[in-house]
C-alpha cells in the first residue's frame, strides 16, 4: 500500500511504523512550504492512503486534501505526528501490523487464502 503523507517537517520513526503495517511512503509534503499549500487538482497516481498530520496543518489545507481523497475514493486518516497516535489511527482504520496474529482482518485473509 502506498501512502501520501501531508504535514510534519521531519518524520522521525514514522517510516518504520508504516513499514510494519505494510505501507510505503509514496510522497511526503510538509505542508509548511507555500508551494505545498497550493491547490493540487489530484493526489499522485498510485496513492492508496492519505495520512494527514493535524498538528502541522491548517484547516483549509486539511479540508482540501480530504476532499481530494474523497473525490478519488482514497482512504485517509488524520492524527497527530506521533508514533502512538499514528499506530492508533492505523489500527482504528483496520490497518493492523503485518505481524499482528490477533487481527480479525488478518485471520479473514488467511482463511480466504486456504
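Bear in mind these aren't lab numbers, they're just calculated from the coordinates by the rules spelled out. Since the structure is predicted, the reported quantities are computational estimates derived from the model, not experimental observations. FYI the Cβ positions are ideal-geometry reconstructions off the backbone, even for glycines, and counts take in every protein chain you see.
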According to the Cα gyration tensor, what semi-axes, each the square root of 5 times an eigenvalue, does the equivalent ellipsoid of segment 1-95 have, listed from largest to smallest in whole Å?
-> 19, 15, 12
Cα-projected label distance for residue 66 with residue 85, points at 7 Å along beta-carbon direction, nm | 1.5 nm
